[in-house]
Structures are given as structure tokens and as C-alpha cells.
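Got a structure for you, written out below as C-alpha cells; questions coming shortly.
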């Protein structure tokens, strides 16, 4: 043992190999870090700013590092030449560590003393490679590998700083990377924070703080839960880096925007270098891909969409490697990541892959038959790879698709025109080269129009054909509709077009360097055309202003000038032969392309006006301290269950932020059965008639009680509110908190049933009353009788003859409204002294399908035009009022409407207490509720149905007394069990539907790949 230790130590000291060099380098690194850290802390103690302290300490430690690495790590003699060159090894180290230090201190709020240590670890691999190349250069015959690595690292560093520059507006404005009032604030900001909290607490599949309780894996897979970047951020959170707050999420949105942009550009750069493109053309192509406005648009408004940028060049790189080496692993894995990350963008990107493969497939054969056979053989081969990729992604793909198919988003129909409008076509130059859309290409792409097609290489032609295909797609709205799942037309697919251009541009530039077709004539023509178009239009198709008109004009001129100077530099290359001049011109081209892209990106950000601040995140439903304190005391522990209603909350996703069990959410993948039940079956009023969102019960008592609502939090500044059965238990500066004395909790016991057809034929008031009386079931249950409901619902007549109108005409159900139109309709209310609630319901349909705003007694609902993609197709609107209401005051937008099926019902509360007592006849004892795990004991003396306050979902399974039992749907929305008399132990668990089968498929494909890899390696060794 002693001999082995001694031998290992000798090897460490003397042996020349990569591993021992790296180990010695690591030891020196530890010594050097201590040396650096002593100077750094000393300078901080002297009150020197941390960045300056870092720079001085870094310089001192670099000198010591040089001699230690010469004598100990690489065993070489120090020379003045190497000493002068040595700072090159630390340039990347200094840049990366300095940026990391600033990032840790400024963004992540890490103490400068600790941040310096963390920042010094990140660049170690880069420093080792650079140091090895410079200090060991004498032992190599050639210098080309050293120059190549240095050049590529320098190019990648340029891309990093380019990415920072594309986000410069955020740093300068002092705002956070978000915009209040849009989905990034009302959805995405909540989602990331909420999901991270849920996953860290062990709730991976189900959470009660999402809507009425829901699947947080599959129903958030469109956004984050299948994204590698989400899990990378989650790992950082588990390591204690960053905060689990909305503000922390927005901070990290900016960091990950820079990271994704840099990563996607770096991958494309590596792809282009793999294809042996020059450094300057590879830089340009990479910058165009990441720097066009589409990326910054994604990152600001829909950050999860920016993930797609990474997988596209990675998959094409995998295809290139396969074409050259027949190694298909990267191709299959990257294609699998494309699908797994997002099924939505997986579909979009896979369409690109299909087109790409078809365009680049080389057909072999002497005749038509052989060529067709060769083509389909190639396509079949890639189809097998695609199937493997989808199989590998099945663990994410299958649950995501199943959740998507369950959503209630397929009833909206949109009409997509075949062609864009004339105004749109006239603004194409602006859309292509300025910040007027999500493109923003540099003018240099116009060189394609002068290249000699017949002389171009086969690959360049194919890349150009690919660009042509996507340009034609750009010209028709149908492309946007197709890529959006045959829905409304969307620009989300434009990243495919941008990639095609960025991928082809280096080839175009190198072909021009070869044939020298771009000269002064072409440059002059483009200049004249650009100036004429610019000064004749001045971006008149768009009303965009950057701060003021003067600055806007300056920005426009900068973008135009950068593009023209870039073309001028390309043209000048035709007339020069000296390498140094060409190098300078190449640098000018790269610089001008990047300046134009940076200006476009920051101009777009200036127009988008991110306005989120730390103060704005203290608004209601976000991180408001008063609300946090209230809801922290209204959140059940694992031995109890109840829900809390945040009345008139401005954000549906408030429960995600505060952690309470709420009654609202806003999520595109929300469960369709629950969504339809709330919006159609019970016609609960929505402020905005959109899919994918619901909020509370419009003060309808029976609905709130049915769902186990125990508390109501109401603003003191809202309309006076006195809910029946509730008592005021707390008052804060801005809120009143009410507690329901008749809460049903987690379970509702039913001794009898009603068939679904009878229930469906009821009006909305009767449906509300039925919920607390009997179990509506899809199939009859033997041993349980049909129930005759109490007579608690009565109709109140509308007095149309005495209706008073203003700025409107009403006759025979047709209403014609002018501006400021109103109508007061008396109702013959004889129930003013009875406990109960009034429900007014009517069918209202605008004759032209236009947008309208309907206000009834200060309660409002807004519906967009019927062709709007985010409108929910309902026409029945119900409003709940207190018992004293005797007049319905309607205000409606200008337009013509058809009114039918208008009724007023009164729901009496006379039987309410009895109903609640009946539902609480038997309750679960020893209750345990923790996400997707529920258990408890029930003692019932009769046969019946125990309904649980869990929205119906096939992912739930139940065991009664250790035996598996089928869960049934109760009242169209809840889970339930039919129980015989006796004492029962009930256990219920939730697993995302499709996850198990998806995991098995993924495991099978993964095992196949591993086995194939092992067999292939053994076969190669055997052949060798």
C-alpha cells in the first residue's frame, strides 16, 4: 500500500500525461486561488471596490501562477517570450471570472467575499487548455492547433459579450426582464416559482395550490416541466443559488435568456466550424441566429419558447456528424430533446427536420427507379431515427400530449386568409431588416441575389433552397396557422426561417469570397434602394417610437448604416489582395453585423418597454406582505383540508404565489373537464371570456360550499359584502377575512343519486342546488335510490314592459345599442326578505361577432370578437346578486345583439344547513393530504357514495381496505367511491397519466441504444 502511494506521488510529480498534468494544474490552482484570495480580501479590507480588488489580485496571482505552472505542472523552462504570451491564457479566465463575480454580486446578491471564490472555479477548464497550449508549445512541431483553439475560444467569448449587448437595454433601464399585465407576468413568472417550490417539497405530480388541485407535471409540460433548462435552474435553487420568489424568478429569466442565446449561438458556431467554415463567417451566422429579434421576443414574453433555439442547431450538428462518421447518437438524442423539451415546439422543429432531410438527401442511381429507391431508403433510415427519438422522449412526450388532448381549447374556430394584406406586403422590408417584427435580419443577406447559381457548391445550393422554402412560407399566413396546430396564424415558427438564413449565410459569404461577385455596382444599387425606401416610408407602416422621434431616427440610421457599411466591406474585398486588409474588412463585417443586430434587439426592447420592478412585484397577488401574512394562516396542514376564496383577486394564479388551496388559475393546459364544467355546465361568470382560466364562483354560495371553501378574503374597498353562513374573523389594513360555519371539507357523503340526463336538463340555479343534495352519476349505482330534490329554486319574472332604455332600442329580443347604451329592467322580486341569492342568466349573441363589454349591476364580463384566437365560444352569461335586487341595470357596448333565454332565478338558503349536515354525515378520520397522496378512515353505517374534493382525473387510483377500487365521477367534476357499510381504510395516489408507459418506452429505447453502442464498440475492437 505504501509503495503504491509512493508510486502515485512520483507519477503526480513527474509523469507526463493529460490526467497528471491536469491534477498538477489543479493543485497549483488551489495554491493560486489562496494566493489570489489573500490579496482580494486584503484589498477589500482597504475599501477598494470589489471589481478593482479582483483585477489587482488576479494580476498578482497570475505572475505566481506562471512560474508554478512552468516548474511543476508542465516541466518547462520559463522564458521571457512565454511570460509575455502567458496573459493570453488568463484572458478568458479573467473575462469569465469577472463577469461571474459581477453576476453573483449584482444579480444573485452573493457576498463579494464568497462570490470571488465561486467565480474563480468556473473558468478552470478553459485556463488549463490555454496554459497547456502556450507553455507546452515548444514540444509541438506546429502552431496551428494552438492558434485554432485560441481563435475559437476568442470567437466564443465574442458571442458571449454579443449576447450581453443584446440585453443592454435591460441593464441600462434599471427595469426587470418582464412586463406587467401580460402572460409573462400573469402566468410564467408564477409557474416557475410555484413549480420549483413544489418539486423541492417533493410534490412532483399534483398540487392543491394549482386551481382546485391539478397535475403539475403534464399540465405544465407545455411550459417548463419537461425542459432541461427548468431542471438546471431547479438544481441551482436546491444548491441555494437564487431565491424562491417571483423577483428571483424574473432575475433568473434574464440570466437564462443570456445563457440560452449564448448557448444556441455557440452550438451553431461549432456546427459551422465542423463544416470547415471560416471563423468570421461562422461568427456572422451564429450572431444572426441568436441576434434576430425572435429570440429576444421569446425570452421577454414567453421565455420557455426560447428553448427551441438550442435544439435546432444541435440536431443539425448531429446530422452532419452522422453523414460524415455514421455515428447517429447525437442526432437521435438531440432530436429526442427537441420533442421532450416541448411537444409544441417539438412538432414545429420536426417539420423543419423533415424538410431539411428531404432537401439535403443525396439521391444515387443511374435511372429514375434507382434514384427513387435511393431517396426512399434514405428517408426510411431517418424515419427510424425519428421513431427512436420520439421513443426516447416518450417519458415527457406521452404525458404532455395526453394532457393537451384533455384541454378545453378545441372549440374556437379561426379563419386564416391565403395571403397577407397589401399593407403587410408593403412593409416586408421593414419587417425583414428593422425592429418592426420579430426578424431584423442584417442587410448582408442580400448578397444571395448576385451569387452565380450554377457555380455554387451543392451544399450552398441546398442551403439556399432551404431558405427559399421558408421564405415562401413567410409570405402566407397559412404557414403560421399550420405550425400553430391548424389554429390561428402565429409568428412563433419564424426561428426556423432565421436558422435557415443564419445557416446559409456563411456559405454565401465564402462563395462570394471565391467568385467576388459583390462589387461597387451592387453596393450602390442596394444603397440607393435602401435610402429611397427608408426616406419614402420612414417605417410608416408601424407606429413605433424609441423614447422620441429624434432618437428613433438616429437608431434607424445606425441600423441602416451598419448594414450598408457591412455591404461596402464585402464589396471592397473584391478589389484587395493583401491578407491583412482582408482580415480588417472581415472584422468590419462582423462588427457591423453585430452592431445592427444589437441595435435591433435593444430597439425592440425599448418599444416593448419592460416595466417590471421590485415595487411592482409587491402588488396584490404577487409578493404583497399583507396578503402573504393572511394566506399563510389560511393554508391547511397535511391533516386537514379546505379552500380559500380570494374574492375579486386581480390575478388568477395568486394561490401559486401564496401557497393556499385556492379556487382560481390561468394556464393554457388546464384540465378540460373541470374548465368546461365551470364555464358551460354552471356558467360561472368570467371577467374575460377566454379559455384556460377560471376564478372563484361569482359569490354563488352552493358552489363555494360544494368545493370545500372555508374562508373568503375580501378587499375592504370592494362593494360591501356580507356572505351568508360566514362570519368576520379578522380584519387587516386592507382586507376582511370571513369563515364559513358550514364547511364540508374534503369529503361529501351521498346516500342517493341522480342520473346525468336529468341533471343536464336543469337550469344553472337548479344545478347549483343539486350539488349539495345528491350525487349525479354517469351510471346507476345498485342499492342507491334516485333522489327527489328539495324545492329550493323558483323563477322571478322580468318586467320587460317597464324596462327603461337609454341610447338603445329593444324589440322582440333584438337589441341595438349606441354609445353609452343602458337598460334598466325591473324584476318582480317577492323574495327580498328570504335568505337566498338571485341568478340572472341570458343568452347574448352579437350579430356581427364583434367584441363587447356587458355590465350588469356593476358586474362585468368582456368578450372579444369571435375570430379572436383566445376567445371562449359561449353565449350564455349568468350573474349572481343578493336577495334584495329588484332592478337589473345593463350597460353594453355599441352594436346589435340577439337576446334569448333570459331568466331570473332565486335559490333559497332554507335547506342549506340541512344539506351541509347531510354531506357531513360521514367524514374521513385521520385524514392525510399531501399532494398526490391521500389517506384516511371512514366509518359509514349505510351504503353510499363518498365524494372527495378532488377534480376528476384518471391519474388517481384508490385502494379500499387494501384492495384496488374504481373511482367514479360525481356531479360531473369530483372523484368518488361507492362504499358498503363498515369501517374502511382508504388510500388514494396520483401518478400523471401516460408517465408509466412513457417511462417504459424511454427505458426500452435507452437500453437498446446502450446495447447497440456496446456491441458496435466490441465489433470495432474485434475488427481492429
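Looking only at the range 291-319, count how many residues are closer than 21 Å to residue 447 by Cβ and at pLDDT 95 or above.
Result for the range 291-319: 0.
Hand me the list of helices (runs of 4 or more DSSP H) wholly inside the range 544-661 holding 2 or more residues that are under 27 Å from the mean Cα position of the chain (by Cα).
By residue number, 579-608, 625-632, 654-658.
OK, next. For the range 824-838, enumerate the residues that are surrounded by fewer than 16 Cβ atoms within 10 Å (Cβ to Cβ) and either farther than 22 Å from residue 805 by Cβ or not assigned by TED's automatic domain parsing to the domain that holds residue 808 (or both).
830, 832, 833, 834, 835 - these are the residues of the range 824-838 that are surrounded by fewer than 16 Cβ atoms within 10 Å (Cβ to Cβ) and either farther than 22 Å from residue 805 by Cβ or not assigned by TED's automatic domain parsing to the domain that holds residue 808 (or both).
So which residues in the range 645-657 are touching a helix residue (DSSP H, G or I) at 6+ places or on another chain (Cβ under 7 Å) and buried (at least 24 other Cβ atoms within 10 Å of the Cβ)?
645, 646, 653, 656, 657
Hey, any hits in the range 980-991 for a residue that's at positive phi and part of a strand (DSSP E or B)?
Yes: one or more hits.
Let me ask something else. Looking at the range 444-490, which of its residues are crowded, with 18+ Cβ neighbours inside 10 Å and either outside the structural domain of residue 596 (by TED's automatic domain parsing) or not in a helix (DSSP H, G or I) (or both)?
451, 456, 484, 488, 489
Does the range 863-882 contain at least one residue that is touching a strand residue (DSSP E or B) at 6+ places or on another chain (Cβ under 7 Å), part of a loop (DSSP other than H, G, I, E, B), surrounded by fewer than 21 Cβ atoms within 10 Å (Cβ to Cβ) and not assigned by TED's automatic domain parsing to the domain that holds residue 752?
For the range 863-882, residues touching a strand residue (DSSP E or B) at 6+ places or on another chain (Cβ under 7 Å), part of a loop (DSSP other than H, G, I, E, B), surrounded by fewer than 21 Cβ atoms within 10 Å (Cβ to Cβ) and not assigned by TED's automatic domain parsing to the domain that holds residue 752: present.
State yes or no: is residue 503 in the same structural domain as residue 568 (by TED's automatic domain parsing), under 29 Å from the mean Cα position of the chain (by Cα), on the phi < 0 side of the Ramachandran plot and surrounded by 19 or more Cβ atoms within 10 Å (Cβ to Cβ)?
Here the answer is yes, as residue 503 does meet what is asked.
Yes or no: residue 613 more than 28 Å from residue 721 (Cβ to Cβ) and touching a residue at least 24 places away in the same chain (Cβ under 8 Å)?
yes
Only residues that are closer than 24 Å to residue 945 by Cβ and assigned to a loop (DSSP other than H, G, I, E, B): list them for the range 781-809, please.
781, 782, 783, 784, 787, 788, 789, 790, 791, 792
Test residue 496 against the stated conditions and say whether it is surrounded by 22 or more Cβ atoms within 10 Å (Cβ to Cβ), more than 30 Å from residue 362 (Cβ to Cβ), touching a helix residue (DSSP H, G or I) at 6+ places or on another chain (Cβ under 9 Å) and not assigned by TED's automatic domain parsing to the domain that holds residue 868.
The answer is no for residue 496.
A follow-up question, please. Going by the structure shown, is residue 357 in contact (Cβ under 8 Å) with a residue 12 or more places away in the chain, in the same structural domain as residue 478 (by TED's automatic domain parsing) and surrounded by fewer than 20 Cβ atoms within 10 Å (Cβ to Cβ)?
yes
Which residue, of 388, 425, is assigned to a helix (DSSP H, G or I) and surrounded by 14 or more Cβ atoms within 10 Å (Cβ to Cβ)?
388
Report yes if residue 247 is in a helix (DSSP H, G or I) and within 20 Å of residue 353 (Cβ to Cβ), otherwise no.
No.
So how many residues does the range 968-999 have that are surrounded by fewer than 20 Cβ atoms within 10 Å (Cβ to Cβ), under 34 Å from the mean Cα position of the chain (by Cα) and free of Cβ contacts under 8 Å to residues at least 60 places away in the same chain?
Final tally of qualifying residues: 2.
Further question: Do we find a residue being within 23 Å of residue 399 (Cβ to Cβ) and surrounded by 13 or more Cβ atoms within 10 Å (Cβ to Cβ) anywhere in the range 933-944?
Yes, the range 933-944 has at least one match.
Please name all residue pairs, on different chains or six or more residues apart, with Cβ atoms under 6 Å, provided the first residue is in the range 481-492 and is within 14 Å of residue 346 (Cα to Cα) and the second residue is outside any loop (DSSP other than H, G, I, E, B).
483/348
Closer than 26 Å to residue 993 by Cβ and outside any loop (DSSP other than H, G, I, E, B): which single residue out of 256, 212, 229, 161 fits that description?
Criteria check complete, one pass: 229.
Could you check, for the range 839-852, whether at least one of its residues is touching a helix residue (DSSP H, G or I) at 6+ places or on another chain (Cβ under 9 Å) and crowded, with 20+ Cβ neighbours inside 10 Å?
yes
Only one of (1) at pLDDT below 90; (2) assigned by TED's automatic domain parsing to the domain that holds residue 854; (3) surrounded by fewer than 17 Cβ atoms within 10 Å (Cβ to Cβ) fails for residue 818. Which number is that?
Just one mismatch for residue 818, condition (1).
Of all the helices (runs of 4 or more DSSP H) wholly in the range 681-780, which have at least 3 residues that are in contact with a helix residue (DSSP H, G or I) (Cβ under 8 Å, 6 or more places away or on another chain), under 25 Å from residue 793 (Cβ atoms) and outside the structural domain of residue 632 (by TED's automatic domain parsing)?
In the range 681-780, 764-771 are the helices (runs of 4 or more DSSP H) which contain 3 or more residues that are in contact with a helix residue (DSSP H, G or I) (Cβ under 8 Å, 6 or more places away or on another chain), under 25 Å from residue 793 (Cβ atoms) and outside the structural domain of residue 632 (by TED's automatic domain parsing).
Here's a follow-up. What number of residues within the range 234-251 satisfy the criterion of being over 21 Å from residue 651 (Cβ atoms) and surrounded by 23 or more Cβ atoms within 10 Å (Cβ to Cβ)?
Qualifying residue count for the region: 0.
The values are calculated or read from the model by the stated rules, or taken from the named source; none is laboratory data. Predicted model, so just to flag it, every value in this text is computed and none were measured. Backbone-built Cβ (ideal geometry, glycine too); neighbour counts: all protein chains shown.
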